[in-house]
Amino acid sequence: MKKILEVRNITKVYPGVRALDDVSLELNQGEIHGLVGENGAGKSTLIKILAGVIFPDKGEIYIEKLPQKFSCPLDSLQKGIAVTFQDLSLFPNLSIAENIMTSQNIEEKRLILNWKKINKLAKGIFEEFGIQIDLDKKLGYLSVANQQLVAIARALVHDAKLLILDEPTASLSRSEIEILFKSIKILKDKGMSILFISHKLSEVLQISDRVSVLRDGKYMGTYPTVEITEDELISYMVGRKMHYKRYATNKPGDPLLEVKKLSKQGNFKDITFTLYSGELLGITGLVGSGRTELAQALFGINLPEEGEVFIEEKKVQIKSTNQALQYGIAYIPENRQIEGLILDKNLEDNIVITILERITNSMRLIDKNKKSSIARHWIQKLNIKPAYPNMLIKQFSGGNQQKAVVAKWLAFNPKILIIDEPTQGIDVKAKTEIHQLLKDLAKEGLGILVISSEIPEILAISDRIIVMQRGNMVAQYKNNKVSQEELLNKAIQKTSQ
Amino acid sequence: MKTKSEIVLLILFISIFMILSVVSQGRFLSFDNLQIMAFQLPELGMITLGMMVVILLAGINLSITATSALSGVITALFLTNIETGNICLLICGAIAVATMFGLLSGLLNGYIIAYIGVTPILATLGAKILFEGISLYLTKGGSISGYPKQFFIFGNGTIFQIPIPLIIFIVFFVITYFLLDRTPWGAKVYSIGSNPIAAKFSGIHVKRISLQVYIYSSLLASIASIIMISRYNSAKAALGQSYLLESIAAAVLGGTKITGGEGSVLGTLLAISIIQIISSGFNMLNVNRFITNAIMGLLLIFVLSVDYLWGMYGQRSSIKATNY
Amino acid sequence: MSRLYQRKEFNILMIIIVISMLIALKNSSFLSVDNLLDLLKNNTVVGILGVGMLLAIITGGIDISVGAITSLATVIVGKALVNYQLNMFFILIVSSIFGIFLGLINGFFISRLKIPPIIVTLGTYNLYGGLNMYFTKGTWITNLPEYFNSFAKIRIIGIPIQIFFLIGVILLTYFILKYTLIGRGIYCIGGNEEAASRVGYNTNNILLFVYAYIGLMSGIAAVVHTTIVRQVAPNAFLTGYELTVIAAVVLGGANILGGEGTPIGTLFGAILLGVINNGLILVRVSTFWQQIIIGIIILFSVSFDVLRNKRIEAKMFKIDVQ
């Protein structure tokens, strides 16, 4: 078996986190190779390294036994690696045919473009997929699924040796997936090698020849798909280690938030649950399961189309963030640097941004003393380090930045706190601090909705757990006495439904 | 960091002032000249403040001088066509008319930009064309003059030797300072300019506040128009044209980042002064006004080039998510 | 064939025909060949400058110095004619090179120093305009040589020569936009600027080209304009002309947010503007209304474009909910 790709001892470290730890992997030519692992296992990092977007701290890459060093994405493209990321990098205002041929046209440095030839080549590639699409149509009008195929087609035009597909089926329907798989098999028959990354284990097992597992940045093993079951795969992905301290569960108080059959087309469907004061309700599921869309609906950003919401047993309609705030709902978003913080401002300014009206004096002007004392209070309470209120927030570490976001919402004194991926990209010590903080807040009477794709985290801090998948609630547990495997099972699409 | 650039501006101001004094052989320092500048500066100052608040939001108001001109024209028409014996009432009415127009034009701009979502460049460009057209129509290309004597104090009067327009400007300068730097509203404006997404997620009503900023901008422009038509004793479509470019240059020179979110009201004041003394100085040295125009254009580009290059060397935050 | 009816440019042509019919009802001389040719000839300058501006707008930028560049170029043309008696060919070359040079200055600050196009061109508008008025002191040049005036009156198959310049420029721009990498790169930048550089385009050089091209168009327009008015007034284009050009491009179907637009569309946009103006005059509406109407048109069409984009975005589903 000829080896098309080999990576050896790849290590990539971010502050406080080992994204990839001494990973070695090999792909045979002409095989479809699946790559699985939980969120944070290191899959995206590995792909980005192979695509030439980021560079490893240690380790080597070999393509057909020749060592490689990529200095930019075009480099890896020229060496034969084509990647379709989840954000497709296509041009919505251009035709499909042109999108497919763009990079090729540039590489050939043609002075005059021969549209007949371009359209013919594009058509040829698409015909191999067996799909009829009018290639003159503008890309922007295509469904995401078809745009996916266009991205793959573009990758193919370069005579790629290795095609890496990152979560290609995330937004595809059953029939579209079948078409995609047929296309992949055609490519394999032509001698192409494919690295297929997905959370959907059943699909991975269906299409791949072999599958490799990453866990916590480490390589766990490679297995022929004919010899392994989904359950075994899950156990390799999840491992038996408990990462987090398990906290005692709280006794819930009065119902704070009740949601009945909340639905929005293309986002989520029939969501029903109740959040009580004093409890941590965990919502888990994979990326794309609709958790963030649901959270934003409750915060007045992504308005639902059907269903009812009750706050403290009174029916409400949350039509804007201001209304959400009036009802005492706070939302800590997933992407803290873009959505949660104003990077050009200092720590103090970021903390008080939600309570500006409360720190004014009798003349409606901001009272600097009130401002700094409130800021200091929260800096101390959350142990934000270094405790410099005037330091620019972008200079703080990820963990402290997250604490700042939490501080700004705690300063607001909410009744309900929705927190989306509370410890993403944060070192272990800070993670524990934040978990303890959330537990303490619940004890003080807050109702907290915790959204996380890290199952061990959900198990550690939640009192009750909901699992979402593809916009639906697929499981609800009255406590946290459920296994990691079962949660992962529910979150991932299984063949036996 | 903020105070450092303000000190640089102060030094710049003093240096240019001294150079001009020397080159003009002392004429620059004459009481007459200082007085003229004191009368002229408020106009540029008001317009620059109006431009600054909008740039803070990461926007721009290309229609600000057209707003000023049209406001002046409408006020002039009011003053010259309304028959009443009560001069005081007439003048109050004129001020009310100007203010009303300022609010309405700001509402137009703000609505199209904040609620419909058109980019500020295009929306205010369209408004500029529209307002200029209306001004031309109303004035038939000429100018309107002949206001009651009492109206002249706005542009020409003094109290204890201090020009009234300067007093008006200082009042609005202080108001703007307090609004931007000392009220919750101002903090929200800075936040929106720096990161509108995070601002929205923090419960800030981005649309409403953006609308209010454009209204305030136009309001400043229309009050400036009262000063201007009073001083020139005429209102025409081209009133204050040169201030458009100068106000942008002054705002950026004063430390307002063209990308929004950062600015210094004090720095802007210093920058306004610098631009004013350059403009007046050139005039006094009989530099052809076209050359002055050309140099202002060059200055604008220069100021922004420095702004960009400075940002490159400093620590500009690139908003990247640490996803891995 | 059915695709034709869906295209924006076709719709604009329909609007032109409808409005022309309406005007013809009131004033039958409107549809005479002479009047139509005149109309076209008077709008050649807007058209030529328009296709230049189109490139900037496709990339999501703008150039408000185009009037100032054209004005300066007309002065150069005038001087070259009167003082050096250059023949038409060289006049065209000199004017073009001059325009390209001024355009490159814009392009440099926009592409290398990343200063927003609106600000750079606002600055150069004043710079070029100021220098222009200073050196010419506003004096008109009226004693253009006879051979120039003869050239200006040439008609080929009855069509004034200026129109051929317009056609030539449109064909050139059409070719560049459709058949060259630079042209496709311009659309890519307008569609997704980051992806454009990821995919391999040198976005800096493309932007440099765009503003230099506008300069080229200004140079050509300067010559054409001078043949129409047969004199040089240094302040000819310094009173808001660029806004008329932008209006023509916007009316011609170019998407204000970038990524879309064609030279034919711009041509139709210029013609539509001309028809509206002509119509207003014939119906005896004062010329002062022209600018008001242009302003309203711009505001409406940009709002329309934005709202349309928003509707399309809202329809995109994020998750395939079962």
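Observations on the model:
- Qualifying residue in the range C:240-251 (condition: more than 14 Å from chain B (Cβ to nearest Cβ), closer than 27 Å to B:F131 by Cα and buried (at least 24 other Cβ atoms within 10 Å of the Cβ)): no
- Across the range A:286-301, the qualifying residues are those that are modelled with pLDDT under 85 and not polar (S, T, N, Q), and the one among them that is farthest from the chain's Cα centre (by Cα) is A:G290.
- Residues in the range A:374-392 that are in contact with a strand residue (DSSP E or B) (Cβ under 8 Å, 6 or more places away or on another chain) and closer than 18 Å to A:I359 by Cβ: A:P389, A:N390.
- Among the residues of the range A:395-421, those identified as closer than 17 Å to A:Q296 by Cβ and either modelled with pLDDT under 90 or part of a helix (DSSP H, G or I) (or both) are A:V405, A:W409, A:E421.
- When B:G157, B:G133, B:G186, B:G142 are checked against the criterion of being closer than 30 Å to B:C92 by Cβ, small (G, A, S), within 14 Å of chain C (Cβ to nearest Cβ) and out of contact with any Gly (no Cβ under 6 Å at 6 or more places or on another chain), a single residue qualifies: B:G142.
- Annotation note: Cβ proximity below 8 Å between a residue of the range C:269-281 that is at negative phi and a residue that is crowded, with 20+ Cβ neighbours inside 10 Å and hydroxyl-bearing (S, T, Y) (sequence gap 6+ or interchain) occurs for C:L273/C:T244.
- Looking only at the range C:183-235, residues that are part of a helix (DSSP H, G or I) and in contact (Cβ under 8 Å) with a residue 12 or more places away in the chain come to 34 in all.
- Of all the criteria given as (1) under 22 Å from A:D344 (Cβ atoms); (2) β-branched (V, I, T); (3) in a helix (DSSP H, G or I), the one not satisfied by B:I204 is (3).
- Residue identified as closer than 25 Å to A:L187 by Cα and either more than 10 Å from every other protein chain (Cβ to nearest Cβ) or of a type outside the set (D, E, K, R) (or both) among A:G30, A:G59: A:G30
- Residue check, A:I112 over 30 Å from the mean Cα position of the chain (by Cα) and of a type in the set (V, I, T): yes
- Total residues in the range B:239-256, condition facing another protein chain (nearest Cβ under 9 Å) and in a loop (DSSP other than H, G, I, E, B): 1
- Failed item in (1) crowded, with 16+ Cβ neighbours inside 10 Å; (2) over 23 Å from the mean Cα position of the chain (by Cα); (3) assigned to a helix (DSSP H, G or I); (4) of a type outside the set (V, I, T), with A:A145 passing the rest: (2)
Residue by residue, here is whether (1) closer than 19 Å to A:V36 by Cβ; (2) within 14 Å of another protein chain (Cβ to nearest Cβ) holds:
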position	(1), (2)
A:Q424	no, yes
A:K439	no, no
A:K443	no, no
A:R464	no, no
A:R470	yes, yes
A:M473	no, yes
A:Q476	no, no
A:S483	yes, no
A:E486	yes, no
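- Scanning the range C:102-135 for residues that are under 24 Å from C:V169 (Cα atoms) and either within 18 Å of the chain's Cα centre (by Cα) or modelled with pLDDT under 90 (or both) turns up C:L102, C:G103, C:L104, C:N106, C:G107, C:P117, C:T121, C:Y125.
- Tabulated pairs, the range B:74-93, first touching a residue at least 24 places away in the same chain (Cβ under 8 Å) and farther than 20 Å from B:L239 by Cα, second part of a loop (DSSP other than H, G, I, E, B) and of a type in the set (S, T, Y), C-beta under 8 angstrom, 6+ apart or interchain: B:L90/B:T84
- Test: residue in the range C:189-198 that is surrounded by fewer than 19 Cβ atoms within 10 Å (Cβ to Cβ), at pLDDT below 90 and hydroxyl-bearing (S, T, Y): yes
- Selection count, the range A:440-461, where residues are surrounded by fewer than 20 Cβ atoms within 10 Å (Cβ to Cβ) and assigned to a helix (DSSP H, G or I): 4
- Test: B:K128 is under 18 Å from the mean Cα position of the chain (by Cα) and within 11 Å of another protein chain (Cβ to nearest Cβ): yes
- Single unsatisfied condition, B:G102 versus (1) crowded, with 22+ Cβ neighbours inside 10 Å; (2) within 14 Å of chain C (Cβ to nearest Cβ): (2)
- Residue that is farthest from the chain's Cα centre (by Cα), among those in the range B:229-246 that are surrounded by 23 or more Cβ atoms within 10 Å (Cβ to Cβ) and over 12 Å from B:L70 (Cα atoms): B:S230
- Of all residues in the range A:171-216, those that are within 14 Å of chain C (Cβ to nearest Cβ) and of a type in the set (A, V, I, L, M) total 3.
- The residues of the range A:75-104 that are assigned to a helix (DSSP H, G or I) and more than 9 Å from every other protein chain (Cβ to nearest Cβ), listed by number, are A:D75, A:S76, A:Q78, A:I96, A:A97, A:N99, A:I100, A:M101, A:Q104.
- In the range A:305-382, counting only helices (runs of 4 or more DSSP H) that sit wholly within it, none holds 2 or more residues that are facing another protein chain (nearest Cβ under 10 Å), farther than 27 Å from B:I175 by Cα and over 29 Å from the mean Cα position of the chain (by Cα).
- Among the residues making up the range A:277-304, none is crowded, with 24+ Cβ neighbours inside 10 Å, in a loop (DSSP other than H, G, I, E, B) and free of Cβ contacts under 8 Å to residues at least 60 places away in the same chain.
- If you go through the range A:54-66 and keep only what is surrounded by fewer than 16 Cβ atoms within 10 Å (Cβ to Cβ) and either at pLDDT 90 or above or touching a Pro at 6+ places or on another chain (Cβ under 9 Å) (or both), you end up with A:D57, A:K58, A:E60, A:Y62.
- If you filter the range C:281-298 down to residues that are part of a helix (DSSP H, G or I), more than 7 Å from chain B (Cβ to nearest Cβ) and more than 21 Å from the chain's Cα centre (by Cα), you find that the one that is nearest to B:L136 (Cα to Cα) is C:I281.
- Residue within the range C:112-132 that is more than 22 Å from B:S305 (Cα to Cα) and free of Cβ contacts under 8 Å to residues at least 40 places away in the same chain present: no
Yes/no per residue for (1) among the aliphatic types (A, V, I, L, M); (2) buried (at least 21 other Cβ atoms within 10 Å of the Cβ); (3) in contact (Cβ under 8 Å) with a residue 12 or more places away in the chain:
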{"position": "A:L341", "(1), (2), (3)": "yes, yes, yes"}
{"position": "A:D344", "(1), (2), (3)": "no, yes, yes"}
{"position": "A:E348", "(1), (2), (3)": "no, yes, yes"}
{"position": "A:R364", "(1), (2), (3)": "no, no, no"}
{"position": "A:D367", "(1), (2), (3)": "no, no, no"}
{"position": "A:R376", "(1), (2), (3)": "no, no, yes"}
{"position": "A:Q401", "(1), (2), (3)": "no, yes, yes"}
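The values are calculated or read from the model by the stated rules, or taken from the named source; none is laboratory data. Bear in mind that the values here come from a model prediction, so they are computed numbers and not experimental data. Note: ideal-geometry Cβ built from the backbone for every residue, glycine included; neighbour counts use all protein chains shown.
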